[in-house]
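Input: a single structure, listed below in structure tokens.
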Amino acid sequence: MQQQVKQQENQFSFEYQEQTAIRLDKFLALQLQDQNYSRTFITNLIKQGQVTVNDKVVVKTNQLLKTGDLIIINIIVSKPKDDLIAKPIDINIIYEDDDIIVINKANNLVVHPGAGNFDNTLVNGLLFNMKQLSSTNQDDTRPGIVHRLDKQTTGLLIVAKNNQSHHFLAQQLKDHKIIREYLALVHGKIKAQSGTIDAPIARDKVHRLKMTVSEANAKVAITHFKVVETFNSYTLVSCQLETGRTHQIRVHFQWINHPVVNDPTYSKFRVEDSNLGQYLHAYKITFKHPSTKEIMTFTADLPDFFQNRLKLLRKETNN
């Protein structure tokens, strides 16, 4: 029996601004990476005639883009009407009780289902491993999810098992009482040992999947940072979020000309390994427990690829 589906469509437009030619499918995959669309999914849309370049339909995935090209893509997906799929996905749970779960999210793990990825996310793994998750989110694809991390940002997340806990944690988040601390490796040497980046963030008017520092239609965004370690051409910083805007740390450090290393969206430097993504890790989180009201703090070690990069940089700096 054929499964019933509902069609969903979104349209995105981009202007290619680089001097070097790039394949159409590769460019779109990079632009849409944070939306969790795979390159295969994008390739199929191109072949289906859902992409135009300068108002002309293009079906060749390897077409080379040139400076000034205007690309429009229609994202058409089929989402099952059935319930979310529970799937045995490996999840690193570092704490669990009757109310909450604290997870150390792995790299390249999408937090919740979305277009093009319905059954290989953290939520699918939670459904497989947990008997109960909160259902307070208006979006029914996000059971238990109080806050999120980007696909290629690693580190700590809190998940709520029941609605009472979810409401309590969400209010803490709204009141800026959940302290989230990150480690980021950024380009260049930051001269100040600490600082605050206070710059409002809005959606980019041209590249709709990107965020940017702007005064127009923007929201307050504040990031506090401290320099942890300095290398020849890089700086390791710890960041504490006062607000939680989309891509906040990545946008803020791009704005002060110290973009996060290997950031495929916001760095002006070459992406070294697209399988790793930005060197950004949510290493520490502090919050009040929804039932006991105890202040709880959790930390998570840097992933191996991040630690190995720091070891290499220390060796280069000391030589």
Q) Across the stretch 48-63, what is the number of residues that are out of contact with any strand residue (DSSP E or B) (no Cβ under 6 Å at 6 or more places or on another chain) and surrounded by 14 or more Cβ atoms within 10 Å (Cβ to Cβ)? A) 2
Q) Pick from the stretch 11-60 the residues that are assigned to a strand (DSSP E or B) and without any contact (Cβ under 8 Å) to a residue 40 or more places away in the chain: which of them is nearest to residue 118 (Cα to Cα)? A) 51
(Q) Of the residues 260, 227, 237, only one is open to solvent by 20 Å² or more (accessible area, probe 1.4 Å) and in contact (Cβ under 8 Å) with a residue 24 or more places away in the chain; which? (A) 227
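Could you list all residues from the stretch 276-319 that are assigned to a loop (DSSP other than H, G, I, E, B), over 21 Å from the mean Cα position of the chain (by Cα) and either without any contact (Cβ under 8 Å) to a residue 24 or more places away in the chain or on the phi > 0 side of the Ramachandran plot (or both)?
First, the residues of the stretch 276-319 that are assigned to a loop (DSSP other than H, G, I, E, B): 276-279, 289-294, 300-303, 319.
Those still in the list that are over 21 Å from the mean Cα position of the chain (by Cα) too: 289-294, 319.
Within the stretch 276-319, 292, 293, 294, 319 meet the criteria.
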Q: Could you list, in sequence order, all residues of the stretch 144-179 that are in contact (Cβ under 8 Å) with a residue 40 or more places away in the chain and in a strand (DSSP E or B)?
A: 154, 155, 156, 157, 158, 159, 160, 179
(Q) Among the residues in the stretch 74-92, are any over 30 Å from residue 270 (Cβ atoms), surrounded by fewer than 16 Cβ atoms within 10 Å (Cβ to Cβ) and at pLDDT 95 or above? (A) yes
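Being of a type outside the set (Asp, Glu) and touching a Leu at 6+ places or on another chain (Cβ under 6 Å) is true for just one of 186, 213, 228. Which residue is that? Step through it out loud before you land on a result.
Working: 186 fails: touching a Leu at 6+ places or on another chain (Cβ under 6 Å); 213 fails: touching a Leu at 6+ places or on another chain (Cβ under 6 Å).
228 is the lone residue from the list that is of a type outside the set (Asp, Glu) and touching a Leu at 6+ places or on another chain (Cβ under 6 Å).
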Q. In the stretch 155-186, what count of residues is obtained for those that are surrounded by 19 or more Cβ atoms within 10 Å (Cβ to Cβ) and closer than 17 Å to residue 247 by Cα?
A. 10
Q) Checking residue 132 against (1) within 17 Å of residue 251 (Cβ to Cβ); (2) over 22 Å from the mean Cα position of the chain (by Cα); (3) surrounded by fewer than 16 Cβ atoms within 10 Å (Cβ to Cβ); (4) not basic (Lys, Arg), which single condition isn't satisfied? A) (1)
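Per-residue answers, yes or no, for (1) open to solvent by less than 30 Å² (accessible area, probe 1.4 Å); (2) at pLDDT 70 or above; (3) touching a Pro at 6+ places or on another chain (Cβ under 7 Å):
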{"position": "2", "(1), (2), (3)": "no, no, no"}
{"position": "10", "(1), (2), (3)": "no, yes, no"}
{"position": "14", "(1), (2), (3)": "yes, yes, no"}
{"position": "20", "(1), (2), (3)": "no, yes, no"}
{"position": "30", "(1), (2), (3)": "no, yes, yes"}
{"position": "40", "(1), (2), (3)": "no, yes, no"}
Q) If we scan the stretch 206-217, do we find a residue that is part of a strand (DSSP E or B), open to solvent by 20 Å² or more (accessible area, probe 1.4 Å), without any contact (Cβ under 8 Å) to a residue 60 or more places away in the chain and in contact with an Asp or Glu (Cβ under 6 Å, 6 or more places away or on another chain)? A) yes
Q: Can you give me the number of residues within the stretch 274-310 that are open to solvent by 60 Å² or more (accessible area, probe 1.4 Å) and touching a Ser or Thr at 6+ places or on another chain (Cβ under 6 Å)?
A: 2
Q: Kindly check whether there is at least one residue in the stretch 102-116 that is under 21 Å from residue 243 (Cβ atoms), at pLDDT 95 or above, assigned to a strand (DSSP E or B) and open to solvent by less than 20 Å² (accessible area, probe 1.4 Å).
A: yes
**Q.** For residue 202: the one exception among (1) more than 15 Å from the chain's Cα centre (by Cα); (2) open to solvent by less than 10 Å² (accessible area, probe 1.4 Å); (3) modelled with pLDDT of 95 or more
**A.** (3)
Q.
Restricting to the stretch 225-259, name every residue that is of a type in the set (Phe, Trp, Tyr) and under 16 Å from residue 281 (Cβ atoms).
A. 225, 234, 253
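The values are calculated or read from the model by the stated rules, or taken from the named source; none is laboratory data. If you're wondering where the values come from, they're calculated on a predicted model, not measured in any experiment. Please note: Cβ atoms are built from the backbone with ideal geometry, for glycine as well, and neighbour counts cover all protein chains shown. SASA here: full protein model, heavy atoms, side chains in, ligands and nucleic acids out. Shrake-Rupley method; radii C 1.70, N 1.55, O 1.52, S 1.80 Å.
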